[in-house]
Amino acid sequence: MVKVVIAGGGTAGWMAACGLSTRLANLLDITLLESDAIGTVGVGEATIPPMRNFHRIMGIDEQEFMRETQATFKLGIEFNNWGDIGDSYIHSFGEIGQRSWMAEFHEFWMEAQAQGFGGSLEDYCLELKAAKAGKFATHLDDTRLNFAFHLDATRYAKYLRQKSEKAGVRRVEGLIKEIQKDDQSGDITALLLDSGELIEGDLFIDCTGFRSLLLGDALGVELDDWSHWLFSDSAIAVQTMSTEEPVPYTRATAHASGWQWRIPLQSRVGNGIVYSSRFMSDDEAKQTLLNNITGELITEPRQLKYRTGSRQKSWQNNCVALGLSSGFIEPLESTSIHLVMTAIIRLIRLFPFGASKQALADRFNQETRTEIETVRDFVILHYKQTNRTDSEFWNAYRTMDIPDTLAHRLEIFKNNAYVWPDDVALFRVDSWVQVMMGQGLMPANYHSAGKLTPTQSLQQSMTKIKSSIEQTVQKLPTHQQFIDHYCPAPQED
Ligand SMILES: Cc1cc2nc3c(=O)[nH]c(=O)nc-3n(C[C@H](O)[C@H](O)[C@H](O)COP(=O)(O)OP(=O)(O)OC[C@H]3O[C@@H](n4cnc5c(N)ncnc54)[C@H](O)[C@@H]3O)c2cc1C
């Protein structure tokens with residue numbers, strides 16, 4: 001049996017424990033160690049739709065998971081004040097209209113606009129319209145909605161812990177005091193705890209959060225710092241009581257220097273502000289956050305400091321880093337838990353059972369890097385594509401240089417409306433379109449496929465899509481009604 005040691009019991013640690021123990025079961029002997037004295041980052045409550053696949057792989061029952069984590073449904077993110085003050089758009093998880101093999105739907109829609117019909121692009125996306133109407137169901141007849149969750153991070157780790165321990169994972173409580181390595185190979189051989197216990201292993205999974213104790217400290221893998229593209233280095237989080245029924249989307253509201261999240265759970269709301277200490281003081285950030293929330297505070301505002309970037313490798317020697325220890329991009333598009341999840345699936349597929357491990361590690365590192373660079377570009381887009389001139393913060397973002405990969409994408413869209421899926425199939429064409437157009441980037445030209453269709457047929461087919469969405473939204477229950485029926489959280493004890 002391969003001895004796997006997971007260092008850290010935050011969301012990443014317990015997701016890894018659950019994934020490995022349920023899928024590789026008898027092949028592995030898994031120990032997870034965590035320190036109550038240090039605790040977890042405790043945020044990370046908004047997710048994206050592929051999480052449902054991960055849950056399927058782990059055999060997690062969706063309704064049970066939602067009850068246990070006080071979860072609500074998420075159909076997208078509402079961005080306020082990003083393109084300009086007063087602007088608002090939703091980046092939804094849905095598809096917009098119907099594409100053809102030749103051109104995307106937004107290009108047909110642009111042709112319709114040129115001919116004087118078509119209405120708003122938003123009208124062609126079911127998930128977006130449902131989100132705006134506060135409606136939700138997992139499906140209605142044959143129509144399935146694409147959705148994710150808002151969840152309580154602490155409860156989620158607890159829930160995964162129960163599942164993992166049931167599947168045979170041994171949990172050890174203690175503080176890592178020393179990381180022992182083999183002199184020749186440089187591999188980690190054991191973790192020495194403050195209790196004196198020595199935990200030996202074949203493969204070590206670093207889930208120690210921003211500390212990156214194994215990969216960063218012990219193995220010396222540096223962080224590629226991306227703070228010249230994403231300036232934020234601080235966040236303050238606070239929980240409040242709910243004052244209204246939960247909406248089925250996350251809110252991301254931009255301020256003069258930074259932005260604020262609002263994540264509604266079943267009985268409380270997660271709030272926080274993300275900012276850069278270069279442009280806003282901690283006191284100012286706290287005040288801005290508190291001035292813009294509703295509901296009684298449940299927790300004291302809690303500050304977090306971080307560095308944005310990616311470790312140069314996530315797998316070095318016999319150590320694989322998952323979660324914050326491997327890298328971090330601010331939570332604007334709720335992607336961190338997703339990156340943990342895809343890394344676990346990647347590790348399961350590339351698991352080093354044989355003697356020759358380097359090629360597996362190389363592949364793992366390459367895929368992991370492409371994925372986080374995709375997230376980086378997508379998040380930068382929100383800051384770069386702005387017309388805001390009201391602060392130094394926005395001026396710095398608006399005028400900064402961006403990665404070539406993103407510059408190329410923006411150039412083609414701006415001139416030709418052409419969009420392609422990213423290399424890791426993370427953000428679909430519709431995601432790029434919704435954010436680029438949502439932030440005011442209207443292409444100068446578009447594919448002429450729409451001109452091949454007679455006006456009347458184009459108009460008819462667009463009206464058909466629009467009215468079918470309207471009818472479906474009308475029939476959907478409210479988000480709250482659906483939760484009450486599908487996954488009501490147990491009463492607090
Ligand atoms: C402000 C903010 C908002 C976020 N929002 C989102 C979001 O909406 N969606 C999303 O997907 N992600 C979000 N994230 C990211 C998300 O929180 C993390 O990806 C996720 O929680 C995983 O964290 P982790 O397990 O890697 O680290 P942590 O939660 O920090 O866990 C680290 C673990 O290591 C242990 N540890 C550390 N040092 C030692 C030691 N010396 N000895 C023993 N144990 C030790 C700790 O006890 C703990 O168990 C957010 C992050 C931040 C900072």
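Any read-out appearing in this document is the output of simple, stated calculations on the displayed coordinates, not a laboratory observation. The structure displayed is predicted, hence computed values, not measured ones. With ideal geometry, Cβ positions are generated from the backbone for all residues, glycine too; neighbour counts draw on all protein chains shown.
Loop-located trypsin sites (Lys or Arg not before Pro) in the range 305-347 (DSSP state not H, G, I, E or B) with no more than 14 neighbouring Cβ atoms inside 10 Å: Arg307. Computed over the chain, the alpha-carbon pair-distance distribution with 10 angstrom bins reads 4, 19, 28, 26, 16, 5, 1, 0, each value a whole percent.
Looking at the chain, what % of its DSSP beta bridges pair antiparallel, to the nearest 5? Don't skip to the answer; put the middle values down first.
Values: 51 of 72 bridges.
Counting only bridges with both partners in the chain, antiparallel ones make up about 70 percent.
Using a 10 angstrom Cβ neighbour count of at most 15 plus a DSSP loop assignment to flag exposed chymotrypsin sites (Phe, Trp or Tyr not before Pro), which longest range of the chain is free of such sites?
Numbers: sites that count: Trp101, Phe117, Phe353.
Formally, the longest exposed-site-free interval is 118-352.
Across all Cα pairs in the range 217-271, the calculated P(r) in 10 Å bins from zero up to the longest distance comes to 19, 34, 25, 18, 4 percent per bin. From the alpha carbon centroid of the range 285-356 to that of the range 431-493 is 30 Å. For helix 429-438, report the angle its Cα long axis makes with the longest principal axis of the Cα atoms of the chain; keep it between 0 and 90° and round to the nearest 10°. Approximately 70 degrees, to the nearest 10.
For the range 1-96, the alpha carbon positions stretch 57, 33, 24 Å along the principal axes, listed from largest to smallest.
Nearest 10 degrees is fine. How inclined is helix 336-349 to the longest principal axis of the chain, computing both from alpha carbons? Value to nearest ten degrees: 60.
Per DSSP H run of n ≥ 4, the term is -39500 (n - 2.57); total these for the chain, divide by its residue number, and report the mean residue ellipticity at 222 nm rounded to 500 deg cm²/dmol. Walk me through the intermediate numbers first.
On the way: 15 runs with 174 residues, N = 493.
Roughly -11000 deg cm²/dmol at 222 nm, from the helical runs in the chain.
Note on the range 245-286: percent of Cα-Cα distances in each 5 Å bin, starting at 0 and stopping at the bin with the largest distance, equals 6, 23, 27, 17, 13, 9, 5, 0. Pairs to check: Lys166/Lys313; Lys74/Lys475; Lys129/Lys466; Lys3/Lys166; Lys158/Lys357; Lys74/Lys384. Give those whose C-alpha atoms are more than 21 Å from each other in this structure. Flagged as over cut-off: Lys166/Lys313; Lys158/Lys357; Lys74/Lys384. Roughly speaking, what is the centre-to-centre gap between the range 357-423 and the range 72-90 when only Cα atoms are used, to the nearest Å? What the calculation gives is 19 Å, centre to centre. Positive contributions from Lys and Arg (+1) and negative ones from Asp and Glu (-1), summed over other residues with Cβ under 9 Å from the Cβ of Met436, come out at +2.
When the chain is described by a simple charge dipole with +1 on each Lys and Arg Cβ and -1 on each Asp and Glu Cβ, the residue from Cys319, Gln439, Ser212 located farthest towards its positive end is Gln439. The alpha carbons of the range 178-297 give a radius of gyration and a Dmax of 20.5, 61 Å, in that order. Diagonalising the gyration tensor over the Cα atoms of the range 234-305 and scaling each eigenvalue by 5 before taking the square root yields semi-axes of 21, 12, 9 Å, largest first.
In the range 111-186, one over the average inverse separation of all distinct C-alpha pairs is 18.7 Å, which is the Kirkwood hydrodynamic radius.
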